[in-house]
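Visitor: Pasting a structure here, questions to come.
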Amino acid sequence: MSLDELRADIDAIDEQLRALLRQRAELAQRVGREKAQTGAAAYSPAREHSILQRARTADVGPLPPEAVMRIFTEIMSACRALEDNVRVAYLGPEYTFSHLAALQQFGGSAELVPFRSPAEVFAAAERGLAHFAVVPFENTTEGAVPATLDALVDAALEVCAELYVAVEYCLLARGELREVETVFAHPQALGQCRRWLQTSLPDAVQVPAASSANAAELAGATGQAAALGSELGAEAYGLRVVASKIQDVATNRTRFLVLGHHHAAPTGRDKTSVIFSTPHRAGALHMALGALATYAISLTMIHSWPMRHRPSEYFFFVDMEGHRESPGVGAALEAMRGQCPFIRVLGSYPAAE
């Protein structure tokens with residue numbers, strides 16, 4: 001076939017795609033009207049997770065699964081916006097990894113609103129300034145985020161989804177690598193790129209910044225300076241990428257939680273997250289976790305941190321396999337209530353992987 005013939009076939013397929021998109025959008029509008037009558041949220045984590053999982057495993061020839069999932073994310077985002085204007089609070093400013101997480105989960109048609117701290121992100125969703133909150137929870141290099149853990153204890157929100165974002169840091173600057181004398185970065189970014197900085201810029205002064213976006217802004221306004229950040233933020237601040245993928249751990253990534261006021265329905269492959277405390281006596285944690293063993297519930301994470309006003313006592317965060325509506329998880333949680341002076345089920349939601 002000639003180039004013109006190939007392009008003609010592509011044009012014909014594009015016309016079919018446009019017709020199908022129109023049908024999907026019209027159906028989304030009808031779904032929106034049904035949800036409005038029942039009070040259901042426009043964003044349905046279990047439903048969207050199911051669609052993306054089918055997209056991931058579909059045979060679409062040379063297109064990689066990640067590309068297909070991005071396409072479907074944006075289709076769902078645009079159709080969701082026809083149902084309702086979904087506002088999402090995230091830890092800002094723009095061009096941070098939290099911004100990337102919100103885009104990855106909700107797509108470009110959602111209204112993404114940045115806030116300055118995890119506490120403000122939680123408060124925005126609790127007070128109705130946003131429908132959902134996206135917060136960083138743990139990083140494979142730096143561990144759990146203390147501010148998020150503290151906010152989860154009292155939050156009047158429910159975890160309804162999780163996602164993982166690959167953290168690939170770039171060195172952003174106006175000039176050349178050899179000219180860099182100062183590196184601006186968020187403290188976690190400095191920690192995640194420590195070895196590279198010691199090897200490639202051993203004499204550069206490292207200056208903490210409030211965020212990756214703030215670091216890029218400072219680097220853009222300072223001579224012979226650079227910032228650690230994402231490729232997305234380079235162009236926004238008039239910088240260019242002078243070194244890429246400089247994080248010390250190639251598989252570095254951050255887990256984010258999505259919180260809202262509606263719970264996620266079971267999918268068959270779910271997690272349940274719980275925060276609890278134990279009595280201050282020997283064997284108390286063993287007794288609490290023994291309830292999970294009794295009902296053969298597998299843990300995927302456990303983390304402890306001191307209570308703010310009683311530093312000699314601790315909260316425990318656990319992730320377990322299964323949905324709280326399943327008989328096993330439900331019975332295990334009920335048994336834990338008898339062992340724990342404080343227990344809060346944060347939510348059950350589709351497992352991201």
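Each value in this text was obtained by applying a stated rule to the coordinates, not by laboratory testing. Everything quoted here is computed from the prediction, not taken from an experiment. No Cβ is skipped: glycine too gets one built from the backbone with ideal geometry, and neighbour counts run over all protein chains shown.
Visitor: Arrange 240, 324 by Cβ neighbour counts within 10 Å, fewest through most, would you?
Guide: Placing the least packed residue first, the sequence is 240, 324.
Visitor: From the phi of every residue in the range 21-37, what ³J(HN,Hα) in whole Hz does the Karplus formula 6.51 cos²θ - 1.76 cosθ + 1.60 yield, where θ is phi - 60° and glycine or proline is x?
Guide: Running phi through 6.51 cos²θ - 1.76 cosθ + 1.60 with θ = phi - 60° gives 5, 5, 4, 5, 5, 5, 5, 4, 5, 5, 4, x, 5, 5, 5, 4, 6 Hz.
Visitor: Continuing with this model, one more query. Over the Cα atoms of the chain, Rg to Rh with Kirkwood Rh, two decimal places?
Guide: Computed over Cα atoms, the ratio is 1.02.
Visitor: One quarter of the convex hull surface, Cα atoms only: what value does that give for the range 1-125 in nm²?
Guide: Dividing the Cα hull surface by four gives the mean projection, 9.8 nm².
Visitor: Quick one: which of 196-203, 102-109 comes out on top by average Cβ neighbours within 10 Å, and what's the full order, highest first?
Guide: 102-109, 196-203
Visitor: Kindly list the residues of the range 75-99 that lie in the label zone of residue 21, defined by a backbone N under 15 Å from the point 7 Å along the Cα-to-C-beta vector.
Guide: From the range 75-99, the list is 75-82.
Visitor: Now a separate question. Just add up the charged neighbours of residue 219: K/R +1, D/E -1, any other residue whose Cβ is under 14 Å from the Cβ of residue 219. If you can, show how the numbers build up before the last one.
Guide: On the way: positive: 174, 240; negative: 176, 179, 181, 217, 235.
Charge balance near residue 219 sits at -3.
Visitor: Using the Cα atoms as the points, what is the convex hull volume per residue of the range 266-350 in Å³? Before the final figure, lay out each step's value.
Guide: Numbers: hull volume 7.0 nm³, N = 85.
Dividing the Cα hull volume of the range 266-350 by its residue count gives 83 Å³.
Visitor: Right, another one. What distance in nm separates the two pseudo spin-label positions at residue 299 and residue 205, each 7 Å out from Cα along the beta-carbon direction?
Guide: Distance between the two pseudo-spin positions: 4.6 nm.
Visitor: Related question: How large is the dipole of the chain about the Cα centre if only Lys and Arg carry +1 and Asp and Glu carry -1, each at its Cβ, rounded to the nearest 20 debye?
Guide: For this selection, approximately 900 debye.
Visitor: In addition: Give the order of 83, 334, 353 when sorted by the count of other beta carbons within 10 angstrom, beginning with the fewest.
Guide: Neighbour counts put them in this order, fewest first: 353, 334, 83.
Visitor: What order do you get for 180, 135 when you list them from fewest to most C-beta neighbours inside 10 Å?
Guide: Starting with the residue having the fewest Cβ neighbours, the order is 180, 135.
Visitor: Using +1 at the C-beta of Lys and Arg and -1 at the C-beta of Asp and Glu, which of 315, 339, 228 has the Cα lying farthest in the positive direction of the dipole of the chain?
Guide: Towards the positive end, the residue furthest out is 339.
Visitor: In addition: Would you kindly state how much longer the chain becomes between residue 168 and residue 2 on full extension, computed as 0.36 nm times their sequence separation minus their alpha carbon distance, in nm to one decimal?
Guide: 55.7 nm
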